[in-house]
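A quick write-up on the structure given underneath.
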Amino acid sequence: MAISTVVIAPFAAVVTISPPPPSTLGLLLILSVVSTAGALVLFYTLIRRIGAVRANLAGYLDPGFAIGYSIIFLGDRATPTALIGLFFILAGSYIGAMSR
């Protein structure tokens, strides 16, 4: 990620019309350090405790969070298709976690 940032930064500087306010940059820094770094620390801890294959099953929970967040924050409705798909995702994740 650090290398990508260095490579992309010059292009981003050219595209940006006006620099964002310092408060935005501060919030972006906090978000990147706390959220991204914190999530990576938790993920690598999970890998160490339960193994890489089973730790990757956590990624399959993303659609469930996306559905929940869209209902809570955007006022969307949960469609039967989304709920059925979510059921199969959760069932597959459970089966994958329980298999040895």
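A short reminder: the numbers here are calculations on the coordinates, not readings from a lab. Here the structure is a predicted model, which means the values were calculated and not measured.
In the calculated pair-distance distribution of the chain, the portion above 17 angstrom amounts to 71 percent of the Cα-Cα pairs. Against the main long axis of the alpha-carbon atoms of the chain, helix 2-15 sits at an angle near 50°.
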